[in-house]
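Below: one structure, written as structure tokens.
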Ligand code: PXP
């Protein structure tokens, strides 16, 4: 079975928030992604509300018919929103105020008690819980021990190493291969521990193929690169093309 694709539509909201207006519609974006074959819609409700707003989550909950995955920090504020709006899944991610995007995975091992508590509250409400972590054995074990049902392996390092010119030859290609092997080992270990394995962050039309060949990875969350391509091709086609590469 090929892996699923959840399209992260945060950056549709980024364009909207640039003018604090109503276009482009996040709802239209979600419907087009679903019609093009996406298995789910992912959004990140950030503490600073720089793109997705609380109301978007409420509207998406009513409109999304596939699978709604909300990325959020493990805070009381976010937990209450999730318990209120009931997405299908919550992905717990780290967050710091001045970052451009999520920087690395959640340190579950060091913040075990708090993350375990939020995970339990969400699971008790029937929400599927994923932890976005770096591909290390320590974090995988901590995620499993704290009750996560899924881990999403952070592919930021792999993405960085596969940026066009860097991975073209020699040392760059070797480093990218080593990171790919690390992700494959992590995926296998997480799967052996009974966790479902997803991957995401910085993935592109150029670098997703090698990851899609790792059998344990059953879900991808991809945003920026799809929305970037959609500017030129339209969203429907951009989603179709990413699905074709994953499958
Ligand atoms: N997965 C997680 C946990 C994320 O935080 C993000 C970014 O919001 C993504 C996937 C998608 O990353 P990108 O936009 O680089 O595809």
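Please treat every number below as a calculation from the coordinates, not as lab data. For clarity, every value in this text was computed on a predicted model and none was experimentally measured. Heads up, the Cβs are rebuilt from the backbone with ideal geometry, glycines too, and the neighbour counts pull from every protein chain shown.
Tell me, what is the FRET efficiency for residue 171 and residue 54 to the nearest 0.05, using R0 = 35 angstrom and their Cβ-Cβ distance as r? Mind showing how you got there, number by number?
Values: r = 46 Å, r/R0 = 1.31.
Efficiency, from the Cβ-Cβ distance: 0.15.
Can you give the relative contact order of region 100-217 as a percent, counting alpha carbon pairs under 8 Å and 6+ residues apart? Walk me through the intermediate numbers first.
Working: 162 pairs, mean separation 29.7, N = 118.
So the answer I get is 25 percent.
Relative contact order, percent, of region 1-98 when contacts are C-alpha pairs under 8 Å separated by at least 6 residues? Walk me through the numbers before you get to the answer.
Numbers: 142 pairs, mean separation 24.4, N = 98.
For region 1-98, the relative contact order is 25 percent.
Within region 49-77, name every residue whose backbone N is under 16 Å away from a label modeled 7 Å from Cα of residue 18 along the Cβ vector.
50-52
For residue 103 and residue 2, FRET efficiency with R0 = 35 Å and r from the beta-carbon atoms, rounded to 0.05? Mind dumping the intermediate values first?
Values: r = 30 Å, r/R0 = 0.85.
Efficiency, from the Cβ-Cβ distance: 0.75.
Report the rotationally averaged projected area of region 119-247 based on its alpha-carbon convex hull, in square nanometres.
Working: hull surface 34.5 nm².
Taking the Cα atoms of region 119-247, their convex hull projects to 8.6 nm² on average.
Suppose we keep just the alpha-carbon trace of region 1-106; what are its Rg and Dmax in angstrom?
Answer for region 1-106, Rg first and Dmax second: 13.3, 42 Å.
When the Kirkwood radius is taken over all Cα pairs of the chain, what Stokes-Einstein diffusion coefficient follows at 25 °C and 0.890 mPa s, in µm²/s?
Details: Rh = 18.1 Å.
Value of D from the Cα-based Kirkwood radius: 136 µm²/s.
Explain nothing, just the number: relative contact order of the chain, from Cα pairs under 8 Å at least 6 residues apart, as a whole percent.
Details: 451 pairs, mean separation 50.3, N = 247.
RCO, the chain: 20 percent.
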